[in-house]
């Protein structure tokens, strides 16, 4: 990868295509996220970047970013902190995806987000994040509303 990318607007999915044609999403990079940041120190990266809708990115030359990180301790620390956050998020997404029931995935997501509920139109993004069909998530939310009279 010759460039280093930051999503300014929109979303980019990093996909790895399987031999049977199935796609495995490795990353969903929304506004503010770096794209394929692991490729900064790799000669070859085997993913496809797909923009979801209208997307705007900032591009830096890969070598330019490497030199900055080698020569600027503050930039290196900021990059290390960013990567640590991304690692925690990746581990949490992996843990959530390992749960079998939609209810368990939703409970884990809510715990991760300290019980903060997304805006009504953003539940579809939660479904993507916990790797379930939006309809399955809506059914679970409906069951919870029926039991508790809220959400």
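The values are calculated or read from the model by the stated rules, or taken from the named source; none is laboratory data. As the structure is a computational prediction, the values presented were derived from the model and not from experiment. Because the Cβ atoms are built from the backbone with ideal geometry, glycine has one as well, and the counts that use them run over all protein chains shown.
Tabulated data for the structure shown
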quantity	calculated
Where residue 105 falls short, out of the listed (1) assigned by TED's automatic domain parsing to the domain that holds residue 147; (2) loosely packed, with under 14 Cβ neighbours inside 10 Å; (3) modelled with pLDDT of 90 or more	(2)
Residue selected from the range 60-98 under the condition closer than 25 Å to residue 24 by Cα and in contact with a helix residue (DSSP H, G or I) (Cβ under 6 Å, 6 or more places away or on another chain), by the criterion surrounded by the most Cβ atoms within 10 Å (Cβ to Cβ)	96
Residues located in the range 110-125, provided they are farther than 22 Å from residue 12 by Cβ and surrounded by 12 or more Cβ atoms within 10 Å (Cβ to Cβ)	110, 112, 113, 117
Options 95, 43; residue that is part of a helix (DSSP H, G or I) and within 26 Å of residue 23 (Cα to Cα)	95
Some residue of the range 52-59 being within 20 Å of the chain's Cα centre (by Cα), surrounded by fewer than 16 Cβ atoms within 10 Å (Cβ to Cβ) and modelled with pLDDT under 90	yes
Residue tally, condition touching a helix residue (DSSP H, G or I) at 6+ places or on another chain (Cβ under 9 Å) and part of a helix (DSSP H, G or I), over the range 111-151	17
Within the range 1-26, tally of residues that are under 23 Å from residue 69 (Cα atoms) and out of contact with any helix residue (DSSP H, G or I) (no Cβ under 8 Å at 6 or more places or on another chain)	4
